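These notes are about the structure you will find just below.
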Amino acid sequence: MAGYPDTGVRPGHLMYILFIYMYGRVIAVGKQFDLEKLRLPQRTLHHTRTSKPRRTSGEGAPALPRHRRGEHFLKGPIPFRWLARAARCPGRALHVGILIWFRAFLTKTQPVTIPKHTRETFGLDRKALNRGIDALASAGLVRVERATGNSPRITVLDPETKANDK
């Protein structure tokens, strides 16, 4: 459970302090309860911080862009060795590889297909997509199942395994 903003104090800590306060003192009926007595000293809050402060991008440097609500994004982690091997493939194989990972995380299934509107968003025609898939398959990064009249069904493989292994 995350702590309260700028304190790092977890709700469990505050409940414990409240418990000790309530049962460690006699509370008279009609006496007003003062929350300020429960407040920790500022120096204590400074020393109880458990999370690291957010890293800033430096003076004057812009922060990395983030996706907006409802906007698609590429989810990870994607193994670096997979990306490095795809980058060494000819043509647009890396583009196709990124699309395959995007679809795999989006659908949460394997094998995946790449719809026309998705490949067109990346500026890929059908032939470029198929050449990219073939290049990734020959590098042992994906396994492809093709059927006449259907989109290729692509399964992402570990780069250490062979495309022929099943």
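Every number in this text was worked out from the coordinates using simple rules, so none of it is lab data. Small disclaimer: the values here were computed from a predicted structure and weren't measured. Because the Cβ atoms are built from the backbone with ideal geometry, glycine has one as well, and the counts that use them run over all protein chains shown.
The table below gives the values:
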quantity: Inter-site label distance for I98 and F80 at 7 Å from Cα along Cβ, in nm; calculated: 1.8
quantity: Net lengthening on full extension, S151/A63 (0.36 nm per residue, minus Cα-Cα); calculated: 27.8 nm
quantity: Stretchable slack from T109 to R39, in nm (0.36 nm times residue separation minus alpha-carbon distance); calculated: 20.2 nm
quantity: The stretch 80-156, relative contact order in percent, only Cα pairs under 8 angstrom and at least six apart counted; calculated: 36
quantity: Net charge over other residues, Cβ less than 15 angstrom from the Cβ of T109 (K, R count +1; D, E count -1); calculated: +4
